[in-house]
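Colleague: Dropping a structure here in structure tokens format, bear with me for questions.
Values in this text are rule-based calculations from the coordinates and carry no lab data. Computed from a predicted structure; not experimentally measured. In this analysis, Cβ positions are derived from the backbone assuming ideal geometry, glycine residues included, and neighbour counts consider all displayed protein chains.
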Amino acid sequence: MVGLDLTHQALATPELQDRVRAVGGPISKFILDIWEFIATTHGGLLQIAHPAVHDACCVAAMIDPSVFTTEKADIRVEIAGRWTKGMTVCNFEKMDGMRHFGGSRKHRIAHICRSLGRAWLQ
């Protein structure tokens, strides 16, 4: 799983936007338009300096998993919480006190991307 906490580390910096702009063509324009939309609609709300490249992170995880550091975790979607309804909740194996899903971790184990190597954006 590639969560928002990770994808907000991968930003379309001005340098990256210039590289995409230099490629030219309709696909580059489409990508830049999406990033502009994200920057104007989510930038202030999320207080991030540049638009996040969420989808590129997911694709990168499929192409080259070594780009990310992952950890195994039991993963659930919260459906009853007042403040967390619809939120993905991860119960990490290596963290003490995180065994609160009734011992059924074996049924929902996933590799959760925890950190991002910056080199793949350069």
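Colleague: Give me the extension gain from residue 1 to residue 28: residue separation times 0.36 nm, minus the current Cα-Cα distance, reported in nm with one decimal.
Modeller: Going from the current span to full extension adds 7.0 nm.
Colleague: For the residue pair residue 92 and residue 77, what label-to-label distance in nm results when each label sits 7 Å from Cα along the Cα-to-beta-carbon direction?
Modeller: 2.4 nm
Colleague: Continuing with this model, one more query. Measure off 7 Å from each Cα along the Cα-to-Cβ vector at residue 41 and residue 84, then give the distance between these two points in nanometres to one decimal.
Modeller: 2.8 nm
Colleague: Now for a different question. Suppose each label sits 7 Å from its Cα in the direction of the beta carbon; what would the residue 19-residue 54 distance come out to in nanometres?
Modeller: My value for the distance between the label points is 2.2 nm.
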